[in-house]
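Read through the structure below, which is laid out as structure tokens, and then see the notes.
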Amino acid sequence: MKDASEPSNIVSLSQRLDPSSERGGALLNTVRDIASRRLQLLVNGMFEHVDDALFDLAEKAENNAAQMHYFDGMREVRKRRPAIERQFITYVARGLAEFSSQQRTSPSGVPLPIGSVELTLVADNELEESLAITSMIGKNETRLTRDLFAVNQRLSVIYGGTRVDDAINPVAPAALTQAFRQAMRELSAEMRVKLIIYKLFDRYVLASLDEMYQEINAELINAGVLPQLRHEVQRSGGAPAGGATASEGSANASMPLADDGASNELLQTLRTLFSARRGGMPENLPVGGPLQVPTVNELIGALSVLQSQAATVAPLPPRGPQPTANVLQEVVHLKEQLLSQIGSLRGERPGQVATMDEDTIDLVGMLFEFILEDRNLPTEMQVMLARLQIPYLKAAILDRRLFAHRQHPARRLLDNLADAAKAWSPEADRDHRLHDKIKVIVDALLQEFDDDLGIFDRLNIELQEFQDLSRRRAELAEQRVAESTRGREKLDQARRRAAREILTRIGDHSLPPLIHGILSRAWANYMVLTILRQGDESNEFRDALRFVNDFIASTRPARSLDDRRALRQMLPGIERSLRRGLANVAFQENDIERLLAQLHTYYRHQLGEAVPIAEVQAAEEAATLPIPDNIQPIAESDAEPDPAPIEPQQMEASPELRLVLDLKPGIWLEFVTGGDTIERAKLSWISPMSGRYLFVNRRGLKVADYAPQELANELVKQRARVLESTALFDRALDAIVGRLSQPVTAPAPAP
């Protein structure tokens, strides 16, 4: 018999509602009512604390001016508070309405967090505001993962089965924070005051969202939407030793790992290969017979001792290959050190460990051998990451799933450390921020990791926040570099077009220096700016070309009466065009008058009037033209055609060129920039006009730009190398499988 308390109409993921349907709309109205009621109370409570916070800051202000800013902010907040609260609730309601109508856009025009859309040039204040907001969103999305995941899943059902995540959920921290940011446009206060209000919004609104999500989930469960939804990780093995569990705060802790099958298959392959190397010894038995082997607790205890010793030893500075070779020896001999340490703890040294433990020790050892040989990592980073071998061996023994699950916290941390380290170079890290951050994380694992695997999640979040902040700073600089490069290319293209038009029209004409100087410098400059401002299809550009034709025609000898009459008719138009064009390119009025005076003298001579020869010669002398020195004359080289498209036969002949043409923005390369100096740079932008590749370092600053053929030549000469984009762990496991698959070389017989 059916329990009366059980929902009468259960909705599963396979039964997807239409948000425009009566029931779907009613459920979304329920969500909207809960959100509006709770958020109204929360934001109202937040503003009750604004006065006190600003007053306290005013009392502690370093000077009178700062104090007045806080008092002014208090007055402005009191005045604008009702409008801000009203706008905030309106934007949230509008976001839910747009969600209900399946409009997959940012609600109510609220800008998405920096990083989710193309970053535009923003003022420092706006960037500071964006960074503060992004930090708030990230922190709360992580904290609220459990309840927010359940809301997302249930909204997915209401949303017609389309996946809903934190980015499009209208009541997620991102949407709510951006709605509040939009509402804060009502407040004309200093940024320091706004940042205080954002902190209070974080403390009193975002910090209380868990209760709102729990109420939403409860209402949707009562309505029969996914009542049996579970949040726990789907485990494929036993719980880790020592009581360690996967962190529920992880973004992936609420769902099964999609790649378990492939990863488990790879792990089984590795075990089979290790077993084949040992001649097929049964698993979990010691190599050499049933001797007493160390227990897991003994292994963890011995590793903890070795870890504390490693934490007190600073890594050698990498000067040449020798330090790396020394570290490699330490990696290879860790098993011996471990057995010796167990011997010290138990009073007798075991001859070996259990087969499964030996597999794990060997696998971790080969992982860190790969790190020390990985050309994707700078030498300094190889040495630093190699210090993590003991913590990672301990983690692998505590939780055998480390090598089976791509989303294992320890595995993700090492992948993210390697990805950050890939972009490191001394030139790009002059302030040592990245170097020091990686060192802090390595030191934290060595000094603090006991048996709680949650430390990997915590450090991963810390690294991610650092990377997000660095990325946003770099994106701003990167955007400026791209805009500057784009502007320069447009200028070069316009200059080539102007040069071609002028030089083609001059052709074989032998122009007087005066006329040639005006065309190749002053008028060429005007044509370039006309192309940039109005385009080469505009009436202004056609008028500029008409002037070039008339100006050149005016130099023909006027021997007959008809010739002189035609020239006189042309001159007023030439003068008007020249005045207007030169004024548009910021020529000074007195310079324009001097130039026209020289032309008047020239044309009087052309018309047969009596002009002293000295004046004619002076007028025709180009060196005396009143044209600014920064306006360089066009030359034959300026008229070179735009880059020709690459032909298929060129690609066939050059595999390096094919590789270059396959590169996508975001890929990293290593360049030898001079001598032994090595720089790492990311492909930031490919010009749609010239096809050139723009490279920037991790700070977003330009390193180089190449035409495709130039970059291919750098690859051929080994002055450039494409870095791997595949995650470190995946590459390492592939390399280990390849290494274990090779036949074992028998030792040479003793003489």
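The values are calculated or read from the model by the stated rules, or taken from the named source; none is laboratory data. For clarity, every value in this text was computed on a predicted model and none was experimentally measured. Neighbour counts are summed over all protein chains in view; Cβ atoms, including those assigned to glycine, are modelled from backbone coordinates with ideal geometry.
A few points about this structure:
Matching residues to (1) modelled with pLDDT of 90 or more; (2) within 25 Å of Leu491 (Cα to Cα); (3) assigned by TED's automatic domain parsing to the domain that holds Gly507:
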site: Ile531; (1), (2), (3): yes, yes, yes
site: Ala544; (1), (2), (3): yes, yes, yes
site: Asp550; (1), (2), (3): yes, no, yes
site: Ala558; (1), (2), (3): no, no, yes
site: Arg568; (1), (2), (3): yes, no, yes
site: Glu575; (1), (2), (3): yes, no, yes
site: Arg580; (1), (2), (3): yes, yes, yes
site: Ala586; (1), (2), (3): no, yes, yes
site: Glu589; (1), (2), (3): no, no, yes
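- Of the criteria (1) buried (at least 19 other Cβ atoms within 10 Å of the Cβ); (2) within 26 Å of the chain's Cα centre (by Cα); (3) among the β-branched types (Val, Ile, Thr), which one Ile736 fails: (2)
- Scanning the stretch 317-335 turns up no residue that is exposed (fewer than 15 other Cβ atoms within 10 Å of the Cβ), part of a helix (DSSP H, G or I) and either modelled with pLDDT of 80 or more or touching a His at 6+ places or on another chain (Cβ under 6 Å) (or both).
- Residue within the stretch 705-718 that is out of contact with any Asp or Glu (no Cβ under 7 Å at 6 or more places or on another chain), surrounded by fewer than 16 Cβ atoms within 10 Å (Cβ to Cβ) and farther than 25 Å from Arg658 by Cβ present: no
- Any chance Glu652 is at pLDDT 90 or above, acidic (Asp, Glu) and surrounded by fewer than 16 Cβ atoms within 10 Å (Cβ to Cβ): no
- Flag if Pro665 is in contact with a Phe, Trp or Tyr (Cβ under 7 Å, 6 or more places away or on another chain) and free of Cβ contacts under 8 Å to residues at least 24 places away in the same chain: yes
- Filter pass, Val383 being hydrophobic (A, V, I, L, M, F, W, C), surrounded by fewer than 22 Cβ atoms within 10 Å (Cβ to Cβ) and under 27 Å from Val722 (Cβ atoms): yes
- Complete set of residues in the stretch 668-702 that are surrounded by fewer than 17 Cβ atoms within 10 Å (Cβ to Cβ) and under 20 Å from Gln467 (Cβ atoms): Leu701
- Every condition in (1) surrounded by 18 or more Cβ atoms within 10 Å (Cβ to Cβ); (2) touching a helix residue (DSSP H, G or I) at 6+ places or on another chain (Cβ under 8 Å); (3) not small (Gly, Ala, Ser) is met by Gln407 except one, and the failing one is (2).
- Selection within the stretch 562-605 - in contact (Cβ under 8 Å) with a residue 40 or more places away in the chain, closer than 18 Å to Leu529 by Cβ and not polar (S, T, N, Q): Leu578, Gly581, Leu582, Val585, Phe587, Leu595
- Single condition Ser36 does not satisfy, out of (1) surrounded by fewer than 17 Cβ atoms within 10 Å (Cβ to Cβ); (2) modelled with pLDDT under 90; (3) under 19 Å from Ile158 (Cβ atoms): (2)
- Only one entry of Leu413, Leu476, Leu417 meets the criterion of being of a type outside the set (S, T, N, Q), outside the structural domain of Leu683 (by TED's automatic domain parsing), under 20 Å from Gly138 (Cβ atoms) and modelled with pLDDT under 90, and that entry is Leu476.
- Taken residue by residue, the stretch 123-131 has at least one member that is part of a helix (DSSP H, G or I), at negative phi and at pLDDT 80 or above.
- Failed criterion for His69 (all others in (1) at pLDDT 90 or above; (2) touching a helix residue (DSSP H, G or I) at 6+ places or on another chain (Cβ under 9 Å) hold): (1)
- Residue within the stretch 494-515 that is crowded, with 18+ Cβ neighbours inside 10 Å, among the polar types (S, T, N, Q) and in contact with a helix residue (DSSP H, G or I) (Cβ under 9 Å, 6 or more places away or on another chain) present: no
- Close pairs (9 angstrom Cβ cut-off, 6 or more residues apart or separate chains): more than 14 Å from Ser344 (Cα to Cα) in the stretch 298-314, not acidic (Asp, Glu) and not in a helix (DSSP H, G or I) anywhere: Gln307/Phe449; Ala310/Arg387; Ala311/Arg387; Val313/Arg387
A quick yes/no check of all residues on (1) more than 42 Å from the chain's Cα centre (by Cα); (2) among the hydroxyl-bearing types (Ser, Thr, Tyr):
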| position | (1), (2) |
| --- | --- |
| His516 | yes, no |
| Ala522 | yes, no |
| Tyr526 | no, yes |
| Leu529 | no, no |
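- Selection from the stretch 444-485 of residues that are closer than 30 Å to Ser304 by Cβ and surrounded by fewer than 15 Cβ atoms within 10 Å (Cβ to Cβ): Gln447, Glu448, Asp450
- Residue within the stretch 691-698 that is at pLDDT 90 or above and either within 30 Å of Ala404 (Cβ to Cβ) or of a type in the set (S, T, N, Q) (or both) present: yes
- When we screen Ile158, Ile197, Ile114 for residues that are modelled with pLDDT under 80 and surrounded by 21 or more Cβ atoms within 10 Å (Cβ to Cβ), the only hit is Ile114.
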